[in-house]
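Chemist: Here it is, the structure in full.
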Amino acid sequence: MKISRKEKKCIRYLTGEMSQADRAVFEIELALDHDLKTIYDNYSLIWKHYPISGKINDPSYEVKQSLAEDFSFIKTSKQKQAKKICRY
C-alpha cells in the first residue's frame, strides 16, 4: 500500500515533524483543499483515539518517564564509581 503525498503531510503534521512555517502552510492548504481536509480529519480521528501504551489514563506518565531516566542515570553512575573504587 502506497501512502500518498497528502497522507504523508497529514502524518507529519500530526506527529509534530513540521516546522512552524510548514505547519502554517499546511493549515492554509487544509482550508483550500477539501480532499486534504477529509484525509486529515480521518487521520486526526485515528491519532486522537489510538491508545499509546503506558499513557492511557495516567496523567503522570511524563513525570514517571523522567524519573525512570534519572534513576537509570544515577544507577549507571554509581556502577561506574564502584568500578573505579574497586580498581584501587
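Chemist: With label points built 7 Å along Cα→Cβ from the Cα atoms of ILE3 and ILE28, find their separation and express it in nm.
Modeler: It works out to 2.5 nm between the two label points.
Chemist: Another question about this same structure. Note down the nm distance, to one decimal, between modelled labels 7 Å out along Cα→Cβ at GLU17 and at TYR50.
Modeler: Inter-label distance under the simple model: 1.1 nm.
Chemist: Using the Cβ atoms and a cut-off under 12 Å, what net charge is assigned to the surroundings of GLU27, where Lys and Arg are +1 and Asp and Glu are -1?
Modeler: Spelling it out: positives minus negatives among the neighbours equals 0.
Every read-out reported here was derived from the displayed coordinates using simple, explicitly stated rules and does not represent laboratory data. Model, not experiment: these values are computed from the prediction. Please note: Cβ atoms are built from the backbone with ideal geometry, for glycine as well, and neighbour counts cover all protein chains shown.
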